[in-house]
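The values are calculated or read from the model by the stated rules, or taken from the named source; none is laboratory data. Since the structure is predicted, the reported quantities are computational estimates derived from the model, not experimental observations. Glycine gets a Cβ as well: all are built from the backbone with ideal geometry, and neighbour counts include every protein chain shown. When the accessible area is computed, the model is the full protein with side chains, heavy atoms only, and any ligands, DNA or RNA have been set aside. Shrake-Rupley method; radii C 1.70, N 1.55, O 1.52, S 1.80 Å.
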Amino acid sequence: MIKEAVMGALPPRVREQIDAWMEAMSVFAEIRDPKVLASLGPAGVRGLLLHRGKQGRPTEMRARHSAHFDWTYPSDQPEMADLYRRAKAGQWDGEKDLPWHISVDPLSTEHRLLPEGFFDLAVLEEHGVHLDAKEQMQITHSLAAWMLSQFLHGEQGALFAAAQVTEAVQFFDGKLYGATQVVDEGRHVEVFNRYLSDKLERLYQVNDNLFVIIDSLMSDGRWDMKFLGMQIMVEGLALGAFGTLYSQTREPLLKELLRRVILDEARHVHYGVVALREHVTKELSESERREREDWAFEVALLMRNRFMAYEVYDEWFAGGRLSRAQWRDVVERAPGMTTFRQVMFSRLVPNLREIGLLSPRILPHYDRVGLLRYMGEKAASELTGEGMIADLDRTALARAA
Amino acid sequence: MLERTFRGLRRDLRFFLGGLVAEPPPPFLVRHRPVRPLEGREVRVDRVERPALDSVSLHLVDRAGEPLRFRAGQFFTLLVEVDGQLLRRAYSASSAPGAGPGVEITVRRVPGGLVSNHLVDHADAGQLLRLLGPSGSFLPPEELDELVLIAGGSGITPIVSIVRDRLTRSAERTRIHVLYGHRSGELAAFASELAALAKTHPRLGLRLVFEQPGGELEHAVGRLDRATVRASLESLGALGPREGKKRAYMICGPVGMMDEVRAALGEASVEPDELFEERFASPSVASVDVGAAKEPQPLLVRRSGRSRALVVAPGQTLLEAATAAGVEMPYSCTMGGCGACRVKLVEGQVTESEPTCLSASERASGQILACVARPLGPCTVEVERP
Ligand code: FES
Ligand SMILES: [Fe+2]
Ligand SMILES: [Fe+2]
């Protein structure tokens with residue numbers, strides 16, 4: 001009460017800044033495991049408080065892993081060798097294989113980037129903001145561009161992480177496979193970047209939370225942490241997000257772009273599951289395993305609760321039109337965002353189960369935040385990219401019917 | 001080193017304090033699509049009119065708000081997607097330059113024509129299209145005493161642009177004669193507009209010749225054959241002795257009609273340098289890769305003493321390969337219609353989608369059009385013009 005009264009008396013910019021600090025503090029406070037805090041903390045300071053990703057200059061992140069050489073070239077991971085073979089056959093050209101000649105009108109009602117009703121306008125009205133028809137289209141454009149920008153930033157992270165992991169991993173078949181993933185990620189950067197600059201003509205700044213995750217992975221010396229973070233968490237969530245957008249968008253170029261990317265990503269997550277299952281079950285001590293289990297849970301929460309699209313808020317509502325708390329309410333209750341949150345986790349949770357990071361000790365925590373219902377879904381190692389696309393097409397059809 | 005750290009710390013502090021001390025960083029950066037020349041510029045259909053049965057006029061404006069500059073008589077290349085295929089067609093401007101921010105092009109239904117049928121049936125305001133150009137040298141000389149314009153069928157579009165353009169110049173004295181032939185008054189786009197203009201502008205003379213009798217407009221019945229052309233021009237007073245007057249004859253229409261007109265003018269001893277022709281032939285899609293190599297082929301591009309080696313992928317034209325590799329080559333219409341992309345084939349062989357605008361003598365001297373040429377094997381070309 002008192003807090004609110006004091007806040008209310010401050011100018012909007014100051015209020016917003018204080019809210020941002022408090023939110024950062026609450027992220028740190030929520031982390032229960034000291035080891036996890038030690039690994040996420042420094043990155044959290046750099047991202048959430050110092051906004052290193054938004055300082056308008058390139059960011060240097062020091063890597064601390066070591067390159068693992070093997071002069072005997074063992075070939076003892078048939079599943080990875082098979083993925084390598086499939087990856088080579090599945091290459092495509094981001095320039096020639098996509099219909100770039102399609103003109104995209106971000107404000108078109110016929111080829112909507114995001115479905116109508118992505119935002120619940122009633123919630124905005126509740127907070128006293130009325131958007132006319134044109135503004136509704138414009139904010140959807142902003143949101144679509146924001147989302148794709150975060151995909152792009154995530155792909156940059158994936159590109160470097162894939163390269164690092166290729167150096168660090170001890171499976172030789174995995175290294176060969178990893179080389180194809182590096183190419184894949186390069187291509188993803190290429191196509192998302194081109195889509196944003198050619199078609200949507202804007203690029204949003206990297207979201208602070210995404211920055212924190214990327215930063216902490218880059219600077220962690222343990223390859224399996226990089227792997228867990230990138231291949232399982234970030235890629236797993238991205239795969240869910242790509243899938244949702246794929247089945248919801250009416251823009252044909254974006255749809256085809258996402259379809260291609262999903263086929264690649266399905267391989268990446270599959271590889272992540274295969275490699276980590278091997279490592280977690282055979283190499284790690286129980287306490288090391290537990291640390292990863294906790295880390296994965298914290299990161300999952302960070303991703304679930306904290307992707308609030310503040311960059312879009314800054315563009316549209318900062319400076320007094322809406323408070324950050326009101327905006328959070330709008331985002332949390334946006335039907336489109338809800339779908340995203342759900343589908344994202346439907347891909348992630350089964351993968352964590354498959355690699356052995358969902359032991360009974362952590363289940364109650366997942367249950368508490370409502371993520372346990374995805375336990376029964378298929379893991380990436382049981383799914384193919386084609387199967388995933390077919391699934392998405394089926395659900396989209398069902399929804400249309 | 002120390003200073004770098006210090007500056008870094010200061011930046012960190014500023015961003016930590018954020019909204020308290022400074023403007024927040026911009027939420028996004030504006031990106032500009034890099035120029036990918038062969039894709040042309042993006043235009044929006046601002047308005048659609050149907051000037052006659054089976055014709056549609058599209059008013060196009062640049063999507064980025066840039067004015068579209070061209071000269072009366074020039075054409076644009078429209079890139080249209082039909083059934084997932086990107087097709088190119090040339091259409092003359094029918095509006096006068098500067099009459100608005102954009103350009104009007106008029107499309108007439110061609111039996112079996114993929115693009116024309118698509119546009120006539122489906123063109124609608126708000127659509128986005130891509131446009132290349134302007135191209136073409138069907139331009140009347142500036143200083144003239146008499147301008148004789150002869151159009152058959154959809155050949156009327158550049159002619160209308162020229163008429164509209166000339167009539168806005170109030171200080172000009174040039175007499176303009178228009179002879180326009182078509183199958184019927186119903187199909188003849190712009191016929192009534194021309195008739196109205198002729199009533200209000202004494203320096204414009206008009207003669208309409210339709211194959212079918214009837215309709216509201218005054219017209220002769222027949223086709224533009226040699227005798228009719230001659231008789232009509234005579235009645236317009238556009239064929240008499242020159243008497244030191246400067247005259248130009250401009251013809252645009254189907255091939256058969258152009259032959260007749262040329263013959264009629266020859267009989268009336270019109271000089272070749274008084275004659276301007278525009279011939280339209282849209283490339284047939286089928287002719288695209290007749291005999292072209294199925295393997296990538298090396299290409300050497302020489303230009304002012306320097307050369308660049310590149311590779312032409314199967315199906316690519318020389319121009320596409322060069323632009324994709326960042327080698328600049330002149331071009332305009334990209335469909336063999338304007339000659340801007342002429343290069344000399346020094347070595348090797350190519351196949352070109354016909355018809356093109358190359359003259360027999362240009363062909364004989366080894367010139368090819370890079371925009372429609374596909375290599376049959378390794379090639380070397382020389383870009384001769386600036
Ligand atoms: S660019 Fe016009 S003929 Fe080649
Ligand atoms: Fe990727
Ligand atoms: Fe990936």
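Conditions (1) open to solvent by less than 20 Å² (accessible area, probe 1.4 Å); (2) within 28 Å of B:P330 (Cβ to Cβ), marked per residue:
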| position | (1), (2) |
| --- | --- |
| B:L53 | no, no |
| B:S57 | yes, no |
| B:V80 | yes, yes |
| B:E104 | yes, yes |
| B:V107 | yes, yes |
| B:P141 | no, yes |
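Examine segment A:209-218 for a residue that is away from every other protein chain (no Cβ under 14 Å), open to solvent by 10 Å² or more (accessible area, probe 1.4 Å), more than 15 Å from ligand 2 (Cβ to nearest atom) and closer than 28 Å to A:E167 by Cα, and state whether such a residue exists.
Yes, the conditions are met somewhere in segment A:209-218.
If you go through segment A:49-57 one residue at a time, do you hit one that is more than 14 Å from chain B (Cβ to nearest Cβ) and without any contact (Cβ under 8 Å) to a residue 60 or more places away in the chain?
no
Can you tell me how many residues in segment A:324-339 are more than 14 Å from chain B (Cβ to nearest Cβ) and open to solvent by 10 Å² or more (accessible area, probe 1.4 Å)?
Here the count works out to 10.
If I ask for residues that are of a type in the set (S, T, Y), within 14 Å of chain B (Cβ to nearest Cβ) and in contact (Cβ under 8 Å) with a residue 40 or more places away in the chain, which ones from segment A:268-320 would you list?
Within segment A:268-320, just A:Y310 meets the criteria.
Out of all the residues in segment A:284-302, which are within 18 Å of the chain's Cα centre (by Cα) and either open to solvent by less than 10 Å² (accessible area, probe 1.4 Å) or farther than 30 Å from A:A144 by Cβ (or both)?
A:W295, A:A296, A:F297, A:V299, A:A300
Please list, ordered by residue number, the helices (runs of 4 or more DSSP H) wholly in segment A:1-107 having 2 or more residues that are closer than 28 Å to A:L258 by Cβ.
Fully inside segment A:1-107 and qualifying: A:78-89.
If A:E185 satisfies every condition in (1) within 16 Å of ligand 3 (Cβ to nearest atom); (2) at pLDDT 95 or above; (3) open to solvent by 20 Å² or more (accessible area, probe 1.4 Å) but one, which is the exception?
Exception for A:E185: condition (3).
What residue, among those in segment A:75-103 that are within 10 Å of chain B (Cβ to nearest Cβ) and more than 26 Å from the chain's Cα centre (by Cα), is farthest from A:L200 (Cα to Cα)?
Taking the candidates together, the pick is A:K96.
Identify all residues within segment B:188-204 that are assigned to a loop (DSSP other than H, G, I, E, B) and surrounded by 20 or more Cβ atoms within 10 Å (Cβ to Cβ); write none if there are none.
B:A188, B:A189, B:F190
For A:E60, are the conditions met, namely being at pLDDT 90 or above and farther than 28 Å from A:R267 by Cβ?
Taking the combined requirement at face value, the residue satisfies it.
Could you grab me the full set of residues in segment A:163-182 that are open to solvent by 20 Å² or more (accessible area, probe 1.4 Å) and within 11 Å of ligand 3 (Cβ to nearest atom)?
Passing the criteria: only A:V182.
Regarding A:R321, is this residue part of a helix (DSSP H, G or I), open to solvent by 10 Å² or more (accessible area, probe 1.4 Å) and either closer than 28 Å to A:P34 by Cβ or basic (K, R) (or both)?
Answer is no for this residue.
Between B:G152, B:G126, B:G112, B:G98, which is out of contact with any helix residue (DSSP H, G or I) (no Cβ under 9 Å at 6 or more places or on another chain) and away from chain A (no Cβ under 14 Å)?
Only one candidate qualifies: B:G112.
Collect the residues in segment A:148-162 that are aliphatic (A, V, I, L, M) and open to solvent by 10 Å² or more (accessible area, probe 1.4 Å), keeping them in residue-number order.
A:L152, A:L159
Testing A:E30 on (1) surrounded by 14 or more Cβ atoms within 10 Å (Cβ to Cβ); (2) under 17 Å from A:M303 (Cα atoms), one condition comes back false. Which one is that?
(1)
Based on what the data block shows, is A:R373 closer than 28 Å to A:A24 by Cβ and out of contact with any His (no Cβ under 9 Å at 6 or more places or on another chain)?
Here the answer is no, as A:R373 does not meet what is asked.
Restricting attention to segment A:92-110, does a residue exist that is under 17 Å from A:V312 (Cα atoms) and away from ligand 3 (no atom under 16 Å from the Cβ)?
The answer is yes, given that some residue of segment A:92-110 is under 17 Å from A:V312 (Cα atoms) and away from ligand 3 (no atom under 16 Å from the Cβ).
Could you check, for segment B:130-139, whether at least one of its residues is open to solvent by less than 50 Å² (accessible area, probe 1.4 Å), on the phi > 0 side of the Ramachandran plot and assigned to a loop (DSSP other than H, G, I, E, B)?
yes
Report, by residue number, each residue of segment B:8-31 that is more than 7 Å from chain A (Cβ to nearest Cβ) and either surrounded by 15 or more Cβ atoms within 10 Å (Cβ to Cβ) or modelled with pLDDT under 85 (or both).
Within segment B:8-31, B:G8, B:R14, B:L17, B:V21, B:A22, B:E23, B:P26 meet the criteria.
For a quick check of your reading of the model, give me the residue pairs whose first member lies in segment A:154-174 and is of a type in the set (D, E), whose second is away from ligand 3 (no atom under 15 Å from the Cβ), with beta-carbon atoms closer than 6 Å and at least 6 apart or on different chains.
Sorted first by the residue in segment A:154-174, then by its partner, the pairs are A:E167/A:A67; A:D173/A:S75; A:D173/A:Q77; A:D173/A:M80; A:D173/A:A81.
Within segment A:108-203, considering only helices (runs of 4 or more DSSP H) that don't extend past its boundaries, which have at least 1 residues that are over 17 Å from the mean Cα position of the chain (by Cα) and either within 16 Å of ligand 2 (Cβ to nearest atom) or within 14 Å of chain B (Cβ to nearest Cβ) (or both)?
Correct list: A:133-168, A:172-194.
May I ask you to say which residue of B:R109, B:R41 is at pLDDT 85 or above, more than 16 Å from ligand 2 (Cβ to nearest atom) and of a type outside the set (A, V, I, L, M, F, W, C)?
Of the residues listed, the single one that is at pLDDT 85 or above, more than 16 Å from ligand 2 (Cβ to nearest atom) and of a type outside the set (A, V, I, L, M, F, W, C) is B:R109.
If you take the residues in segment B:240-267 that are open to solvent by less than 50 Å² (accessible area, probe 1.4 Å) and at pLDDT below 85, which one is farthest from the chain's Cα centre (by Cα)?
Checking each candidate, the answer is B:G240.
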